[in-house]
């Protein structure tokens, strides 16, 4: 059974040393990103991984380097500075191979942030404009946090 909670409550499943995957591009759930980033004082060594995401990436601020490490599969402008600042890395991978890394647990995921449409009358949601590797992330993560 699913339970509706606030973004602040939802991100409490994140623990030290977890790996987070954020749905890409315009589907990046900013409310969850902000709620996670606000926990910077209590989190350590959390890897935040994603393809290119639109919008703010507050977790990428070098002042949060003890809390968050950015692992990009595509270096967008909002996280490019992390490479030079030392709080980020780039993992080169073909987009078509990223789902396989999740499915084979080569890149294990603890939490995935997704943005979905409201459910239809049958309870089905759409992943919207950015499915890319998200379905594989959903199928293989320990926790899925939709918004």
(1) out of contact with any helix residue (DSSP H, G or I) (no Cβ under 6 Å at 6 or more places or on another chain); (2) closer than 22 Å to residue 133 by Cβ all hold for residue 68 apart from (1)
Mind checking whether some residue in the stretch 95-102 is assigned to a loop (DSSP other than H, G, I, E, B) and either in contact with a strand residue (DSSP E or B) (Cβ under 8 Å, 6 or more places away or on another chain) or modelled with pLDDT of 95 or more (or both)?
-> no
Within the stretch 73-85, can one find any residue that is within 21 Å of residue 143 (Cα to Cα), in contact with a strand residue (DSSP E or B) (Cβ under 6 Å, 6 or more places away or on another chain) and at pLDDT 95 or above?
-> no
Please enumerate the residues belonging to the stretch 114-141 that are assigned to a loop (DSSP other than H, G, I, E, B) and touching a residue at least 40 places away in the same chain (Cβ under 8 Å).
-> 115, 127, 128, 129, 130, 132, 133, 141
Considering (1) part of a loop (DSSP other than H, G, I, E, B); (2) without any contact (Cβ under 8 Å) to a residue 24 or more places away in the chain; (3) under 11 Å from the mean Cα position of the chain (by Cα), say which one residue 70 fails and leave the rest.
-> (1)
Does the stretch 106-126 hold any residues that are at pLDDT 95 or above, over 16 Å from residue 14 (Cα atoms) and surrounded by 13 or more Cβ atoms within 10 Å (Cβ to Cβ), and which are they?
-> 107, 115, 116
Has the stretch 3-23 got any residue that is touching a helix residue (DSSP H, G or I) at 6+ places or on another chain (Cβ under 8 Å), assigned to a loop (DSSP other than H, G, I, E, B) and at pLDDT below 95?
-> no
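The values are calculated or read from the model by the stated rules, or taken from the named source; none is laboratory data. This is a predicted model, so every value here is computed, not measured. Backbone-built Cβ (ideal geometry, glycine too); neighbour counts: all protein chains shown.
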